[in-house]
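Accompanying notes for the structure given below.
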């Protein structure tokens, strides 16, 4: 299952993810959250006509994964990708053990927004608005 929230210039994609890590032969599953840029297209027809929406360039991604052999919710292999070069990840950063706890309420938003702004200086305001909407209580 995949959920896509489109905003004026960005989209937030949330989907279940399952993979087999061939490096250490373990199975991982969890949720993948991506910020993507919407591709610009010329308007078609009248104001009320259906418009083309294309989710394009990746901007940021978080993989909140557990190993199937670990207790659920430990996020032992959680990581994020703050930068992309084209469609490929430039780096993979693991979440510290302290950051793996589930966030409570909305107190984490200012810190997360600062981290995203440093990781991706051109982050459109609607991208942060989408993440804030997804994490609303």
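Every number in this text was worked out from the coordinates using simple rules, so none of it is lab data. All values derive from a computational prediction rather than experimental measurement. In this analysis, Cβ positions are derived from the backbone assuming ideal geometry, glycine residues included, and neighbour counts consider all displayed protein chains.
Which order do the peptides 43-53, 85-95 take when ranked by the mean count of other beta-carbon atoms within 10 Å per residue, highest first?
Details: 43-53: 8.3, 85-95: 10.7.
Result, highest mean Cβ count within 10 Å first: 85-95, 43-53.
Take residue 83 and residue 8, extend 7 Å from each Cα along the Cα→Cβ direction, and tell me the distance between the two endpoints in nm.
Rounded to a tenth, the inter-label distance reads 2.8 nm.
Can you compute the modelled spin-label distance between residue 22 and residue 1, with each label point 7 Å from Cα toward Cβ, in nm?
About 3.1 nm separates the two model spin labels.
Using the basic label-point model (7 angstrom from Cα toward the beta carbon), what is the residue 29 to residue 68 distance in nanometres?
Reported label-point gap for residue 29 and residue 68 is 0.7 nm.
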